[in-house]
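Q: Attaching a single structure in structure tokens format; questions to follow.
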Amino acid sequence: MGRGVPVRGLALAGALALALPAVVWVCYGAHAAGVTFQIVAPLSVATVLVGEWITRRRPGGLRRQFALIAALGMVAMAAGVALFVWQMFLSDHDGLMTVLLAVYAGALVLWVVGRLVARAFSDLDRIRATLAAVADGRRDVRVAPTGTDEIAGLGRQVDEMIVRLDREERMRRELLAAVSHDLRTPITSLGLLAAAIDDSVVDEAKRREYAGRMNTHVRQVAALIDDLFDLTRLETRELEWTMERVEVRELVHDAVEAMRPAADAGSVAVRAHVNGSRVASRGNREQLSRVLFNLIQNAIHHTPPDGSVTVLVEEREDAVEIEVADTGAGIARAQRDRVFEPFFRGDASRQTPGAGLGLAISRAIVEAHGGSIWLEDATAGTRVRFRLPATEQGTT
């Protein structure tokens, strides 16, 4: 029944048809209330039915629909005024003045509504043109809305979408270029070594040496592919881990001791400081260790001999924060926003091994644990800090 008959609209019309005569009854008596009801009731029902037809059929474009609604309002107002003038037996002078005032008020309202609708459609046209340009491949276009209404909000969302799309496309291009670059070197080397081994001129000792080099390049390619696969699964939340209570103090101690040989080889001092007694989180120990290994390894690679790497653990009200700080060259301010992007390698990382996936994988693991990771301001070196939700003592 509600599908074919506008029940709510008719209920509203009925309520208005009763409310208006009630007010008139209080002010002018029963006769005036009865006349008001005879005029308002059929007029409100007819207006609701025609308005429902417009909203359901939606004839033409939005401009035509708004024009029909405006015309409906003018007709309803004109009919109401004419019927009141006729039923109340007003003088010609009073009737004419009433009609003129109604037309005057209606014209002003229509002008204001028209201006508002024109501005709204202008914003919609800009949004449509911007989206069409984006569909054609342009990323330098913006809606740039000036209002504060819902359409302006939609325009700002479109602009934000274009910025994100441009950034993601740029990152995808850089990703492809980085993968191609990082694969080209070992694959080229593998081809040259294979050709040398196949050459009968090379003796047996050289063949064994070349085979060892080929094995190194194969492991390098395999590690890159594994990191790419892991990063993809992390970002799409496809990995399922066994979650348990992790003592952060033990986690940091084990990671520091595991990385100490690499630090000693580079004459870099590595140490840990733990502040607080309730330093535990719920997570996957293996994956959180991977984050620490990545961060500490990066810090060691970027720290000159006789420098130091410090792993700091601090207890917060509802979280545990872990920081890995080094005394290296640091990261340029212009590059700070990109250090967690896949394959990004700053100026200080150009000569270090790796494909530039360590920080991207670390961010994905931390965020999968409900935490966050960022760069802290540092007067010297680099400070990478990440936060994990804390777990109360005894929680498993």
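The values are calculated or read from the model by the stated rules, or taken from the named source; none is laboratory data. Worth saying up front: this structure is predicted, and the values here are computed from it rather than measured. Counting neighbours? That spans all protein chains shown, and the Cβs are built from the backbone with ideal geometry, glycine included. Just so you know, the surface numbers come from the protein's heavy atoms only, side chains and all, with ligands and any DNA or RNA stripped out. Shrake-Rupley method; radii C 1.70, N 1.55, O 1.52, S 1.80 Å.
Q: If the chain between R271 and T379 were fully stretched, how many nm would it gain, using 0.36 nm times the residue separation less the Cα-Cα distance? Please report the intermediate quantities before stating the final value.
A: Values: separation 108, 0.36 × 108 = 38.88 nm, distance 1.96 nm.
Additional length available on full extension: 36.9 nm.
Q: If you roll a 1.4 Å probe over the heavy atoms of the protein chains, what accessible area per residue do you get for the range 283-337, in Å²? Please report the intermediate quantities before stating the final value.
A: Working: 2500 Å² over 55 residues.
For the range 283-337, the per-residue accessible area is 45 Å².
Q: Per-residue HN-Hα couplings for the range 244-252, Karplus 6.51 cos²θ - 1.76 cosθ + 1.60 at θ = phi - 60°, whole Hz, x for Gly and Pro?
A: Listing the rounded values in order: 8, 6, 10, 6, 5, 4, 5, 4, 5 Hz.
Q: Next question. For the pair A332 and R213, what calculated FRET efficiency results from E = 1/(1 + (r/R0)^6), where r is the Cβ-Cβ distance and R0 = 51 Å, to the nearest 0.05? Please report the intermediate quantities before stating the final value.
A: Working: r = 35 Å, r/R0 = 0.68.
The calculated FRET efficiency here is 0.90.
Q: On full extension of the chain, what length is gained from A19 through R138, given 0.36 nm per residue of separation minus the C-alpha to C-alpha distance?
A: Using 0.36 nm per residue and subtracting the Cα-Cα distance, I get 37.2 nm.
Q: I would also like to ask the following. Report the normalised scattering of the range 120-199 as log10 I(q)/I(0) at q = 0.20 Å⁻¹, calculated by the Debye formula with identical scatterers on the alpha carbons.
A: -0.86
Q: Next up: Show me, for the range 11-23, the HN-Hα J-couplings you get by feeding each phi into the Karplus relation (A = 6.51, B = -1.76, C = 1.60, θ = phi - 60°), rounded to Hz, glycine and proline as x.
A: These are the phi-based 3J(HN,Hα) values: 5, 5, 4, x, 5, 5, 5, 8, 5, 5, x, 4, 5 Hz.
Q: Just the number, please: carbon plus sulfur as a percent of the accessible area of the range 210-341, 1.4 Å probe, no ligands or DNA/RNA counted.
A: On the way: 3330 of 6990 Å².
Here it works out to 48 percent.
Q: Next question, about the same structure. Tell me, what is the FRET efficiency for V179 and R260 to the nearest 0.05, using R0 = 30 angstrom and their Cβ-Cβ distance as r?
A: Numbers: r = 33 Å, r/R0 = 1.08.
Calculated transfer efficiency: 0.40.
Q: Please list E169, E341, E209 from largest to smallest accessible area, probe radius 1.4 Å, with all protein chains kept in place.
A: Values: E169 40, E341 20, E209 70 Å².
If we order E169, E341, E209 from most to least accessible, we get E209, E169, E341.
Q: Starting from the amide H of V309, placed 1.01 Å from N in the peptide plane, find each other amide H under 5 Å away whose residue is 5 or more places distant or on another chain.
A: Close amide H contacts, sequence-distant or interchain: A269, V270, R271.
Q: Next question. Rounded to a whole number, what is D in µm²/s for the range 1-79 from Stokes-Einstein with the Kirkwood radius over alpha-carbon pairs (37 °C, 0.692 mPa s)? Intermediate results must be reported in sequence, preceding the final value.
A: On the way: Rh = 13.7 Å.
Rounded, D is 239 µm²/s.
Q: If you stretched the chain out fully between S372 and A223, how much longer would it get, using 0.36 nm times the residue separation minus the C-alpha to C-alpha distance?
A: On the way: separation 149, 0.36 × 149 = 53.64 nm, distance 2.54 nm.
Gain on stretching S372 to A223: 51.1 nm.
Q: Okay, next question. Show H302, H31 ordered by accessible area, largest first, where the area counts protein heavy atoms only and the probe is 1.4 Å. Walk me through the intermediate numbers first.
A: Details: H302 55, H31 150 Å².
Ranked list, largest accessible area first: H31, H302.
Q: Once label points are set 7 Å from the Cα along Cα→Cβ at both D125 and A319, what is their separation, rounded to one decimal in nm?
A: 4.8 nm
Q: Another question, then. Order the peptides 328-338, 74-84, 129-139 from the highest to the lowest mean number of other Cβ atoms within 10 Å of their residues.
A: On the way: 328-338: 14.5, 74-84: 16.1, 129-139: 12.6.
The densest-packed peptide leads the list: 74-84, 328-338, 129-139.
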